[in-house]
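Visitor: Starting off with a structure, shown below.
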Amino acid sequence: METKLKKEDVENIQIDHGILFKNYGLEDQVLIGPTRGGGNFKVERTYRNIEYDGSKGDTQGLVTVDDENATLTVKTLKASLETFADKLPGAKITRDDETRKITKIEAGSLGIIKEEDYIKNITMFGQKVGGNFVKITIRRTLDKNGIDFSAVQKAEGEIELAYRAHHKYDDDTTEPIYEIVDIDSMDLEVL
């Protein structure tokens, strides 16, 4: 029985905190930070066994995936209006005409969230012992968890960002909701 680790096993150990970006690789790319507690990527799927008379239970070849959702979650210490706006998709946002910085956030109207309120992507990089990175991207994201923000004496206010990927109703083949790739290094030119 083989019990020794291989070099490849050790080189694929993910170390340290993840580095997260909003709209990675795009003109409006932003580093999400400072963060605390690292980032968490989660894919949830609903599996269903096709039942038939005489079935003895789960049957190979008769299991379907009914739905699939992906989230990237991180806690930030950045209590900026940009952070609050990301937490409140569909809110009424007022920006400075010159700088385009957010100056005010107000309750928006109820109803369908506009396409432009979705964040194009959230990308997390996690370094591995071997020096390469795992790059995880989720697309068409919203944080639908609302705001839970506290200002506490002798502590920093943490804001949990829970970005959830969204399927496209008209075409899910060109850009899937998530992508996981192994890369040699982070593209510093994009940063």
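Visitor: I need the strands (runs of 3 or more DSSP E) fully contained in segment 53-161, keeping only those with at least 2 residues that are surrounded by fewer than 17 Cβ atoms within 10 Å (Cβ to Cβ).
Guide: 63-76, 92-95, 102-106
Visitor: Considering every residue within segment 169-179, establish whether at least one is open to solvent by less than 80 Å² (accessible area, probe 1.4 Å) and under 30 Å from LYS6 (Cβ atoms).
Guide: The answer is yes; a qualifying residue exists.
Visitor: Please find, among LYS22, LYS42, the residue that is surrounded by 15 or more Cβ atoms within 10 Å (Cβ to Cβ) and at pLDDT 95 or above.
Guide: Only one candidate passes the filter, namely LYS22.
Visitor: Here's a follow-up. Look through segment 1-19, keep the residues that are assigned to a loop (DSSP other than H, G, I, E, B) and of a type in the set (Lys, Arg), and return whichever of them is least open to solvent (accessible area, probe 1.4 Å).
Guide: Restricting to residues being assigned to a loop (DSSP other than H, G, I, E, B) and of a type in the set (Lys, Arg), the top hit is LYS6.
Visitor: Does segment 22-48 hold any residues that are in a strand (DSSP E or B) and closer than 11 Å to VAL74 by Cα, and which are they?
Guide: Answer for segment 22-48, where residues must be in a strand (DSSP E or B) and closer than 11 Å to VAL74 by Cα: ILE32, THR35, ARG36, GLY37, GLY38, GLY39, ASN40, PHE41.
Visitor: When residues of segment 106-135 are filtered for being touching a residue at least 24 places away in the same chain (Cβ under 8 Å) and closer than 11 Å to GLY90 by Cβ, how many remain?
Guide: Number satisfying all stated conditions: 4.
Visitor: Which one of ARG100, ARG139, ARG95 is in contact (Cβ under 8 Å) with a residue 24 or more places away in the chain and of a type in the set (Lys, Arg)?
Guide: Being in contact (Cβ under 8 Å) with a residue 24 or more places away in the chain and of a type in the set (Lys, Arg) holds for just one of ARG100, ARG139, ARG95, which is ARG139.
The values are calculated or read from the model by the stated rules, or taken from the named source; none is laboratory data. Everything numeric here is computed off the predicted structure, so don't read it as measured data. Neighbour counts run over all protein chains shown; Cβ positions are idealised from the backbone, glycine included. Just so you know, the surface numbers come from the protein's heavy atoms only, side chains and all, with ligands and any DNA or RNA stripped out. Shrake-Rupley method; radii C 1.70, N 1.55, O 1.52, S 1.80 Å.
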